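To keep things clear, I will list the structure first and then write my remarks on it.
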Amino acid sequence: MGLYTAVAAGGFRRYATYGTATAAGVFTNTVFGFIVAFTYIALWDQRPGLGGYDQSQALTFVWVSQSLLAAGALIGGGFQEEIQERVRTGDIAVDLYRPADLQMWWLAADLGRAAFQLLGRGLVPLAAGALAFRLALPPDPWRWLLFLVSVGLGLVVSFALRYLLGLLAFWLLDGAGINLMATVVSVFFSGMLLPLTVFPGAFGEFVRVLPWAAMLQVPLDVLLGEHAGAGAAAGALGFQAGWVLVLLGIGRLLQSAATRKVVVQGG
């Protein structure tokens, strides 16, 4: 654990060095948050109670989503492009020779990155939204604790999905196309574009059981009290934990298949 803690700390420090990029990201998240917030106000004025949220809850959804956007790499970013490039150049061979598990190494590094993004790019947009709008932020510390646990599980789900994208480079060599498709899917099915509760019928039920829902929709619903009560909260966290186990397991199998016989491009 000491090794992976050091890797996570290194991931945190690595992103902390990019002060200008962080400031630009904070500005972008805040401006985009205002654009989406006013769009939601117009929408909820016409459709009060849409998706089971009142306007204050909908605005909370907007601003907390903005605070989690970079940490969860919901619109791209993170480590998968780096893995794909290392596979393309052959540098992945160095990673495989390390006395450390490949999946755990990248998980630790990505959690360090996410921790910095939560602090560096998450707090200011949320504070700006809270100052400008009436948000439904709960006063209950227990709700916040459950929310943080749910966010942590959502970050691991995000990692597990992106790890699969990174590993696909062993077969595809160029991951630009799948990265673009994955970003579109993530934006739509995570709830980043609209809360998944606004989609009716069977389609709504379907998108809410996909792994992308565990990245954003579930943590937001935990914060907003949609999973009030011990049983409902345990069910929400269990849903996320289930996807963590499934996706990490698939990643382990795919990693085994990819590294059983590594052929480095060019030789």
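Return yes when Ala258 is over 27 Å from Phe38 (Cα atoms), at pLDDT below 95, surrounded by fewer than 16 Cβ atoms within 10 Å (Cβ to Cβ) and over 16 Å from the mean Cα position of the chain (by Cα) and no when it is not. Steps first, please.
Details: over 27 Å from Phe38 (Cα atoms): yes; at pLDDT below 95: yes; surrounded by fewer than 16 Cβ atoms within 10 Å (Cβ to Cβ): no; over 16 Å from the mean Cα position of the chain (by Cα): yes.
Here the answer is no, as Ala258 does not meet what is asked.
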Subject >> Condition check for Trp144: among the aromatic types (Phe, Trp, Tyr), assigned to a helix (DSSP H, G or I) and surrounded by 20 or more Cβ atoms within 10 Å (Cβ to Cβ) >> reply: no
**OP:** Would you mind telling me which numbered condition in (1) among the aliphatic types (A, V, I, L, M); (2) open to solvent by 40 Å² or more (accessible area, probe 1.4 Å); (3) outside any helix (DSSP H, G or I) Met192 fails?
**Re:** (2)
Original post:
With (1) of a type outside the set (Asp, Glu); (2) modelled with pLDDT under 95; (3) farther than 30 Å from His227 by Cβ as the list, and Val31 as the residue in question, which single condition is left unmet?
Top reply: (2)
**OP:** Can you run down the residue pairs with Cβ atoms below 7 Å, 6 or more apart or on separate chains, where the first is in the stretch 219-243 and modelled with pLDDT under 90 and the partner is hydroxyl-bearing (Ser, Thr, Tyr) and open to solvent by less than 40 Å² (accessible area, probe 1.4 Å)?
**Re:** none
Original post:
Looking at Gly204, Gly177, which is the one that is loosely packed, with under 13 Cβ neighbours inside 10 Å and either more than 22 Å from Leu107 (Cβ to Cβ) or over 16 Å from the mean Cα position of the chain (by Cα) (or both)?
Top reply: Gly177
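Does Leu168 satisfy the criteria of being over 20 Å from Ala16 (Cβ atoms), open to solvent by 10 Å² or more (accessible area, probe 1.4 Å) and in contact with a Gly (Cβ under 8 Å, 6 or more places away or on another chain)? Lay out the reasoning, then the answer.
Numbers: over 20 Å from Ala16 (Cβ atoms): yes; open to solvent by 10 Å² or more (accessible area, probe 1.4 Å): yes; in contact with a Gly (Cβ under 8 Å, 6 or more places away or on another chain): yes.
Yes; evaluated as a whole, the condition is true for this residue.
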Original post:
How many residues does the stretch 54-72 hold that are in contact with a helix residue (DSSP H, G or I) (Cβ under 6 Å, 6 or more places away or on another chain), among the small types (Gly, Ala, Ser) and closer than 19 Å to Val26 by Cβ?
Top reply: 4
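Evaluate the following for Val187: is it open to solvent by 20 Å² or more (accessible area, probe 1.4 Å), β-branched (Val, Ile, Thr) and part of a helix (DSSP H, G or I)?
Yes: the conditions hold for Val187.
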**OP:** Report, by residue number, each residue of the stretch 72-93 that is hydrophobic (A, V, I, L, M, F, W, C), within 20 Å of Ile178 (Cβ to Cβ) and part of a helix (DSSP H, G or I).
**Re:** Ile83, Val87, Ile92
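Only one of these is modelled with pLDDT of 95 or more, under 20 Å from Gly166 (Cα atoms) and either open to solvent by 10 Å² or more (accessible area, probe 1.4 Å) or not in a loop (DSSP other than H, G, I, E, B) (or both): Leu131, Leu96, Leu107, Leu59. Name it.
Working: Leu131 fails: under 20 Å from Gly166 (Cα atoms); Leu96 fails: modelled with pLDDT of 95 or more; Leu59 fails: under 20 Å from Gly166 (Cα atoms).
Within the list Leu131, Leu96, Leu107, Leu59, the selection yields Leu107.
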Original post:
So Leu118 clears everything in (1) within 20 Å of Tyr4 (Cα to Cα); (2) among the hydrophobic types (A, V, I, L, M, F, W, C); (3) open to solvent by 30 Å² or more (accessible area, probe 1.4 Å); (4) more than 19 Å from the chain's Cα centre (by Cα) except one condition, right? Which one?
Top reply: (4)
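Per-residue answers, yes or no, for (1) open to solvent by less than 40 Å² (accessible area, probe 1.4 Å); (2) more than 30 Å from Leu102 (Cα to Cα); (3) not in a helix (DSSP H, G or I):
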{"residue": "Gly11", "(1), (2), (3)": "yes, no, no"}
{"residue": "Arg14", "(1), (2), (3)": "no, no, no"}
{"residue": "Thr22", "(1), (2), (3)": "yes, no, no"}
{"residue": "Thr28", "(1), (2), (3)": "no, yes, no"}
{"residue": "Phe38", "(1), (2), (3)": "no, yes, no"}
{"residue": "Ala42", "(1), (2), (3)": "no, yes, no"}
Subject >> Some residue of the stretch 212-232 being assigned to a helix (DSSP H, G or I), loosely packed, with under 14 Cβ neighbours inside 10 Å and of a type in the set (Asp, Glu) >> reply: no
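Filter the stretch 44-55 down to residues that are open to solvent by less than 40 Å² (accessible area, probe 1.4 Å) and assigned to a helix (DSSP H, G or I), then give me how many there are.
Residues of the stretch 44-55 that are open to solvent by less than 40 Å² (accessible area, probe 1.4 Å), as a first pass: 44, 50-51, 53.
Those still in the list that are assigned to a helix (DSSP H, G or I) too: 44, 50-51.
Within the stretch 44-55, residues that are open to solvent by less than 40 Å² (accessible area, probe 1.4 Å) and assigned to a helix (DSSP H, G or I) number 3.
The values are calculated or read from the model by the stated rules, or taken from the named source; none is laboratory data. Nothing here was measured: the structure is a model prediction, and the numbers come from that model. Note that we place each Cβ from the backbone using ideal geometry, even for glycine, and neighbour counts take in every protein chain shown. These accessible areas exclude ligands, DNA and RNA; they are computed on the full protein's heavy atoms, side chains included. Shrake-Rupley method; radii C 1.70, N 1.55, O 1.52, S 1.80 Å.
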